[in-house]
Amino acid sequence: MTQSLSSTLAAATSLADVDSRATPGFDGAKDDGVAALADLGDELADLQERLHAQGTTGDARSVLLVLQGMDTSGKGGVIEKVVGLVSPLGVRIASFKKPTPEELEHDFLWRVERELPAGGVLGVFDRSHYEDVLIGRVRSLADADEIERRYDAINDFERRYVDAGGTLVKCLLHISPEDQAERLVARLDDPTKHWKFNPGDIDERELWDEYQAAYQVVLDRTSTEHAPWHVVPSGRKWYRNWAVGTLLLEALRGLDLAWPEADYDVDEQRARLAGS
């Protein structure tokens, strides 16, 4: 039996051992990968529509795609190229930036709980609750005891979501400092991409090793049976998109989604329509 991509990309023991430009699970070149992603589109769209349709009948199942990674790792690209393959109906995208004063008055998960997808919805987190144990740890935005508490709180939070009918697809978009430098330069070289560049990205880049250590702790502490992490090599954008699309498709297939049955007599309604 062919191994699923989910198993292939299961969180590595050491993030440092992952080649950002590798293409595990895919043997072709760039053109093949772009075509393979397009080939996923019809089935992805069909299954996502079935999920949405089931949600209208009260089905509590939902899917949450968590995208985490260093600046320029491609979170926005995945949303455009992968999530863009399905209907926007039944999709909810949330992005977690610097907490607002109101959010800081609550536990770090308060704002995240409010963005969880309801039944029938494909949710996408562009950055996520993991910011609070990544930048929180690297920038010392919370003390060490609080950061430690958060790992367990995240595991409990994700367990509750899964127990309530959710399916988590957690993707760490892994790039190298060389990948990032190339992409930042490309933004500076292209006036149409200047809006994407943030001088603060260079400040964070100077803490690369600290962030890699923080990501390793995240993998070690929060890759669980009910919510495993997948390390997606993202140095090649086409592979990243295909891989995340495939992981999402595998998750939707696993729900064994059927079209909801009509709660009315179809023949009766057809006869009424004919006579109207």
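Structural remarks
- Any chance residue 204 is at pLDDT below 95, over 17 Å from the mean Cα position of the chain (by Cα) and surrounded by fewer than 21 Cβ atoms within 10 Å (Cβ to Cβ): yes
- Region 29-49 residues that are at pLDDT 95 or above, paired with ones that are of a type in the set (D, E, K, R) and assigned to a helix (DSSP H, G or I) (beta carbon under 8 Å, 6 or more apart): 37/81; 47/253
- Test: residue in region 93-112 that is charged (D, E, K, R), out of contact with any helix residue (DSSP H, G or I) (no Cβ under 7 Å at 6 or more places or on another chain), at pLDDT 95 or above and under 19 Å from residue 151 (Cα atoms): yes
- Qualifying residue in region 117-138 (condition: exposed (fewer than 14 other Cβ atoms within 10 Å of the Cβ), free of Cβ contacts under 8 Å to residues at least 40 places away in the same chain and either more than 17 Å from the chain's Cα centre (by Cα) or under 30 Å from residue 57 (Cβ atoms) (or both)): no
- Every residue from region 161-201 that is of a type in the set (D, E, K, R), open to solvent by 40 Å² or more (accessible area, probe 1.4 Å) and closer than 28 Å to residue 6 by Cβ: 163, 178
- Evaluated against (1) part of a helix (DSSP H, G or I); (2) in contact (Cβ under 8 Å) with a residue 60 or more places away in the chain, residue 103 falls short on exactly one condition, (2).
- The set of residues in region 36-71 being part of a strand (DSSP E or B) and small (Gly, Ala, Ser) consists of 62, 69.
- Residue list for region 248-276, restricted to those being closer than 15 Å to residue 168 by Cα and touching a Lys or Arg at 6+ places or on another chain (Cβ under 9 Å): 252, 255
- Helices (runs of 4 or more DSSP H) wholly inside region 175-231 that include at least 3 residues being in contact (Cβ under 8 Å) with a residue 12 or more places away in the chain and in contact with a strand residue (DSSP E or B) (Cβ under 8 Å, 6 or more places away or on another chain): 208-222
- Residues that are surrounded by fewer than 16 Cβ atoms within 10 Å (Cβ to Cβ) and under 15 Å from the mean Cα position of the chain (by Cα) within region 37-85 comprise 76, 80, 84, listed in sequence order.
- For region 155-176, the criterion of being polar (S, T, N, Q) and modelled with pLDDT under 95 is met by none of the residues.
The values are calculated or read from the model by the stated rules, or taken from the named source; none is laboratory data. This is a predicted model, so every value here is computed, not measured. Reconstructed Cβ throughout: ideal geometry from the backbone, glycine too, with neighbour counts over all protein chains shown. Heads up: the accessible areas ignore ligands, DNA and RNA and are worked out on the full protein's heavy atoms, side chains in. Shrake-Rupley method; radii C 1.70, N 1.55, O 1.52, S 1.80 Å.
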